[in-house]
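Asker: Pasting in a structure now, in structure tokens, and then I'll have a few things to ask.
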Amino acid sequence: MIVAIDGPSGTGKSSTSKAVAAQLGLSYLDTGAQYRAITWWMLNNGVDVADPDAIAAAAGKPSIVSGTDPLAPAISADGVDASGPIRTPEVTAAVSAVSAVPEVRERITELQRTIAAKAGGGIVVEGRDIGTTVLPDADLKVFLTASAEARAARRNGELKAADGKPVSDLAATQQALAARDKADSSRKTSPLKKADDAVEVDTTELSLEQVVECVVTLVEKAAAGKTGPAGSREKAAR
Ligand SMILES: Nc1ncnc2c1ncn2[C@@H]1O[C@H](COP(=O)(O)OP(=O)(O)OP(=O)(O)O)[C@@H](O)[C@H]1O
Ligand SMILES: Nc1ccn([C@H]2C[C@H](O)[C@@H](COP(=O)(O)O)O2)c(=O)n1
């Protein structure tokens, strides 16, 4: 069972994918974390992230290793745990430019396909181009959306400072999310896009628990269609 979950920033891909994978005993892959890890490595190794040629030349250098346990997501670059530093504003600001470079995408896409192929019991893979490019034959494709206001409010809630106040105002967060979405959906290679056969789930008015329940139901239906006697894909193909 291969499940692809795509969508813009802050729509709930990571939270939903982890919970669905944990509930169904599937592996989990956060592909955004891989792009963040390679970006972090470049920032730390003197690569000019404003220069696509420099990014392309460095794309093959770091070893990026992802864990696939939904209860303990892990990511490292050249053996160094990167799970904390990949969430800094510096990495967030540079990741769209780095991930737009074809050599980076080629490298990371190959890694993602290898991980998915090795996940014997099935996997939930989340990102921007999983249903369209990385795993076009996924058993289920879900495209999560939410209003710009809801996404900014969620992100700000996550970034609360110690005194309980949001670290940036809602308008600034909304603007930053919109800028990243624009960059991710307008790049030439494998842009953020809903696959034609993906199920779109608008999460604006749904709690995380409701989204998880909805996706679990979709996975169960897809699994029944894959193995069930009446609707088996194998039969349909014959
Ligand atoms: N349906 C929901 N209702 C309310 N809050 C939610 C919902 N889904 C996710 N959240 C919260 O919104 C925030 C962003 O969620 P998450 O990180 O899963 O989104 P994402 O799509 O993976 O974002 P990004 O692409 O930027 O990594 C988190 O704090 C999460 O707890
Ligand atoms: N399949 C993917 C996943 C992620 N990216 C890029 C674009 C995002 O802005 C960035 C960080 O992702 P996030 O951690 O916010 O999910 O990584 C991509 O191009 N393709």
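Values quoted throughout were computed directly from the atomic coordinates according to the rules given, and no laboratory measurement underlies them. Small disclaimer: the values here were computed from a predicted structure and weren't measured.
Asker: What is the Rg over Rh value, at two decimals, for segment 1-154, using alpha-carbon atoms and the Kirkwood definition of Rh?
Answerer: Numbers: Rg = 15.0 Å, Rh = 15.7 Å.
For segment 1-154, the value is 0.95.
Asker: Something else now. How many angstrom lie between the Cα centre of segment 183-231 and the Cα centre of segment 1-69?
Answerer: Cα centroid of segment 183-231 versus Cα centroid of segment 1-69: 19 Å apart.
Asker: Now for a different question. Just to confirm the number: angle between the C-alpha axis of helix 170-186 and the first principal axis of the chain, 0 to 90 degrees, nearest 10?
Answerer: 70
Asker: Right, another one. For helix 13-24, report the angle its Cα long axis makes with the longest principal axis of the Cα atoms of the chain; keep it between 0 and 90° and round to the nearest 10°.
Answerer: The helix 13-24 is inclined about 40 degrees to the chain.
Asker: Do any of Lys61/Lys188; Lys194/Lys226; Lys182/Lys226 go past 32 Å between their Cα atoms, and which? Working shown, then result.
Answerer: Values: Lys61/Lys188 23 Å; Lys194/Lys226 22 Å; Lys182/Lys226 36 Å.
The answer is Lys182/Lys226.
Asker: Report the antiparallel proportion of the DSSP beta bridges in the chain as a percent, rounded to a multiple of 5.
Answerer: Details: 6 of 23 bridges.
Approximately 25 percent, going by the DSSP bridge assignments.
Asker: Right, another one. Determine the calculated [θ] at 222 nm for the chain from helices alone, applying -39500 (n - 2.57) to every DSSP H run no shorter than 4 residues and normalising by the residue count; nearest 500 deg cm²/dmol. Kindly include the intermediate steps, with their values, before the conclusion.
Answerer: Working: 9 runs with 114 residues, N = 238.
Roughly -15000 deg cm²/dmol at 222 nm, from the helical runs in the chain.
Asker: A follow-up question, please. Against the longest alpha carbon principal axis of the chain, how many degrees, from 0 to 90 and to the nearest 10, is the axis of helix 102-118 turned?
Answerer: Its long axis makes an angle of about 40 degrees.
Asker: On to the next question. For segment 77-220, rounded, prolate or oblate, judged on the Cα gyration tensor with a ≥ b ≥ c (square roots of eigenvalues), a/c < 1.5 rounded, else prolate if a/b > b/c? It would help to have the intermediate numbers written out before the result.
Answerer: On the way: a/c = 1.58, a/b = 1.21, b/c = 1.31.
It comes out oblate by the Cα gyration axes.
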